[in-house]
Amino acid sequence: MKSKILLTAFLSVSLLACAQETPKVKHRKKNTPIKTTAQKVKFANSLDPICNMPTESDMKDTAVYKGKTYGFCSAYCKDEFKKNPEKYAQK
Ligand SMILES: [Zn+2]
């Protein structure tokens, strides 16, 4: 009767594996928020590189450098950035 014990053991193991896998799949689906990324424009910089102001809240001007969009609090900061973008651009 050894084979029957082995079979029940195998069945319970596979059932446990199944029970563990199901929540993982559900969790992955939850982790793909498409709406939030599409709604907001993302700047390459989280801070104005000239005056170190946060760019998320109040952006007056933007500049595109090497395919990345940088946000600035004013046209002055943008001009400063454009004078020397290598210095301020994020790597
Ligand atoms: Zn600024």
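The values are calculated or read from the model by the stated rules, or taken from the named source; none is laboratory data. Just so it is clear, the structure is predicted and the values come from calculations on it, not from any experiment. For neighbour counting, all protein chains shown are included, and Cβ atoms are generated from backbone atoms with ideal geometry for every residue, glycine included. When the accessible area is computed, the model is the full protein with side chains, heavy atoms only, and any ligands, DNA or RNA have been set aside. Shrake-Rupley method; radii C 1.70, N 1.55, O 1.52, S 1.80 Å.
Some observations on this one:
- Checking every residue in segment 15-22 against the condition of being away from the ligand (no atom under 15 Å from the Cβ), surrounded by 10 or more Cβ atoms within 10 Å (Cβ to Cβ) and at pLDDT 80 or above gives zero matches.
- Figure legend. Inter-residue proximity from segment 63-91: first residues more than 11 Å from Ile50 (Cα to Cα) and away from the ligand (no atom under 13 Å from the Cβ), second residues open to solvent by 70 Å² or more (accessible area, probe 1.4 Å) and of a type outside the set (D, E, K, R), beta-carbon distance below 8 Å, spacing 6+ or different chains. Indicated pairs: Lys68/Gln90; Thr69/Val41.
- Residues of segment 33-52 classified as of a type in the set (D, E, K, R), modelled with pLDDT of 50 or more and surrounded by fewer than 17 Cβ atoms within 10 Å (Cβ to Cβ), total: 2
- Residues within segment 53-89 that are of a type outside the set (A, V, I, L, M, F, W, C), in a loop (DSSP other than H, G, I, E, B) and surrounded by fewer than 18 Cβ atoms within 10 Å (Cβ to Cβ), tallied: 8
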